[in-house]
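Just below is one structure, and these are the notes that go with it.
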Amino acid sequence: MDYDAGGNNQVAWWRAQVPRTKHWPVPDGKDPGDAFKAGIDLRAWVTAGCPSGWLISPSLLGVHPEPAPVKN
């Protein structure tokens with residue numbers, strides 16, 4: 001949700017629906033698009049909000065292993 005009056009008004013609703021919800025506003029701007037335009041590393045912002053011990057698949061981080069060479 002946006003980090004503005006409308007988005008902030010929805011925090012209580014989300015917490016009631018999903019009690020373990022964490023309010024994690026972007027560090028700059030009102031939404032991730034604004035933060036990206038401001039130069040914020042969105043991947044670092046998202047991972048900083050994740051519980052410690054969570055493992056994030058490398059494929060979700062944009063890390064892809066090199067394919068094995070094709071043997072003829």
Counted residues, segment 6-35 - those being open to solvent by 80 Å² or more (accessible area, probe 1.4 Å) and within 13 Å of the chain's Cα centre (by Cα): 3
May I ask you to list pairs of residues, at least six apart or on different chains, whose Cβ atoms are under 7 Å apart, with the first in segment 1-22 being at negative phi and the second being open to solvent by 60 Å² or more (accessible area, probe 1.4 Å) and modelled with pLDDT under 85? GLY7/MET1; GLN10/MET1
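The values are calculated or read from the model by the stated rules, or taken from the named source; none is laboratory data. Just so we're clear, the structure is a prediction, and the values are computed from it rather than from any experiment. Ideal geometry is used to build each Cβ from the backbone, glycine not excepted, and the neighbour counts take in all protein chains shown. With ligands, DNA and RNA removed, areas are computed over all heavy atoms of the protein, side chains included. Shrake-Rupley method; radii C 1.70, N 1.55, O 1.52, S 1.80 Å.
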